[in-house]
Amino acid sequence: MPDAKTAPDQATLMRQTSRILKGTSYSEVWALLLEGLGFFGITAVRYGLTRSRYGMSLGDLQDILFLSTLGTQDFTDYIETGLYRRSPHYRWMAENDGAVSWGWFIDEAKAGRLPEDEQEFLEELVAAGQPAGYLISFPSDTTRLKGGLGMMGQRGWSQAQMDALWVSHGEGIEAMCIAAHLNIARMPLPSKRNPLRPRQREILEWIADGKSMQDVAVLTELSVATVEKHLRGARDALDVETTAQAVARAALLGQLFVVEEGSTA
């Protein structure tokens, strides 16, 4: 665990946070965040973002951004199997904002305040040698968007060591994580669906602006039949039945009015 001599100074953290905020892609922001967390010996990190949350559900799993240093199988093992639903960490994130020590969950379990499935989940983590960690749940100004990040100390760290690190450097660590989340949340959310084609996006944007089919045909210099063909393709790509639903989902996923790479708009 870094001590006063090896921990980064405030200027270094400020520079790293600035670099994170200026990142222009998920991969760049993620790499910069991992670099910053690495200053503190934190190398195991998991980040998730959904714009289609409904209650305790993450929404359509095709529309989730999930970044993890634990390997590509982590999404399948933790999300697709539904394992996250048994996690007290996930429930806390869904119901709260801010940062919490993983020691809090152990204390809750010892006090008998966790449901049986969450108790078993923690016991499985302990049996697997799960390292110490911290969880951050990012606040959102909409009911559908939610992001969270879990970070784990190195093998051999006790939760007491992780908590001591947080007391000394938690403010700087959390600031970097919030910067990464805010930058990522403003980007179009990647999806496992077929991406919208430029013409499909353009037509959906005109529809979102309140234009009729005839208006769009004039504005794009296409026939009404061709406009409808592009809209069918957009509906298929977004897996919805109506054009109104296509506009709503594309907007929810941040895929409308996107500034193209290299544009000065």
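The values are calculated or read from the model by the stated rules, or taken from the named source; none is laboratory data. Computed from a predicted model, the values in this text were never measured in an experiment. Because the Cβ atoms are built from the backbone with ideal geometry, glycine has one as well, and the counts that use them run over all protein chains shown.
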Worksheet entry | Only listed residue being in a loop (DSSP other than H, G, I, E, B) and either crowded, with 20+ Cβ neighbours inside 10 Å or assigned by TED's automatic domain parsing to the domain that holds residue 29 (or both), chosen from 222, 231, 196, 204 | 196
Worksheet item: Mind checking which residues of region 35-52 are touching a residue at least 40 places away in the same chain (Cβ under 8 Å), out of contact with any Ser or Thr (no Cβ under 7 Å at 6 or more places or on another chain) and not in a strand (DSSP E or B)?
Response: 36, 37, 40, 41, 42, 51, 52
Discussion item. Take the residues in region 167-184 that are hydrophobic (A, V, I, L, M, F, W, C) and buried (at least 17 other Cβ atoms within 10 Å of the Cβ); name whichever of them is farthest from residue 140 (Cα to Cα).
Written reply: 173
Item to complete: Please determine, by comparing only the residues of region 32-55 that are among the polar types (S, T, N, Q) and surrounded by fewer than 21 Cβ atoms within 10 Å (Cβ to Cβ), which one is modelled with the lowest pLDDT.
Response: 52
Practice prompt. Could you tell me which numbered condition residue 29 fails, if it satisfies all but one of (1) in contact with a strand residue (DSSP E or B) (Cβ under 8 Å, 6 or more places away or on another chain); (2) modelled with pLDDT of 95 or more; (3) surrounded by 20 or more Cβ atoms within 10 Å (Cβ to Cβ)?
Written response: (1)
Worksheet item: For residue 73, all conditions in the list (1) more than 26 Å from residue 252 (Cα to Cα); (2) among the polar types (S, T, N, Q); (3) buried (at least 17 other Cβ atoms within 10 Å of the Cβ) hold save one; what is the number of the exception?
Response: (3)
Fill in: In region 53-81, residue nearest to residue 149 (Cα to Cα) [restricted to those that are part of a loop (DSSP other than H, G, I, E, B) and of a type in the set (S, T, N, Q)]
69
Item to complete: Give the number of residues within region 8-59 that are within 21 Å of residue 139 (Cβ to Cβ) and among the aromatic types (Phe, Trp, Tyr).
Response: 4
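Matching residues to (1) within 15 Å of the chain's Cα centre (by Cα); (2) surrounded by 15 or more Cβ atoms within 10 Å (Cβ to Cβ); (3) at pLDDT 90 or above; (4) of a type in the set (Val, Ile, Thr):
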residue	(1), (2), (3), (4)
57	yes, no, no, no
63	yes, yes, no, no
69	yes, yes, yes, yes
81	no, no, yes, yes
87	no, yes, yes, no
90	yes, yes, yes, no
93	yes, yes, yes, no
Worksheet item: Can you name the helices (runs of 4 or more DSSP H) wholly within region 82-160 that have at least 1 residues being touching a residue at least 40 places away in the same chain (Cβ under 8 Å)?
Response: 88-95, 102-110
Discussion item. For region 47-62, check the following and say yes or no: at least one residue is on the phi > 0 side of the Ramachandran plot, small (Gly, Ala, Ser) and in contact with a strand residue (DSSP E or B) (Cβ under 8 Å, 6 or more places away or on another chain).
Written reply: yes
Practice prompt. Kindly indicate whether any position in region 168-190 is in a loop (DSSP other than H, G, I, E, B) and hydroxyl-bearing (Ser, Thr, Tyr).
Written response: no
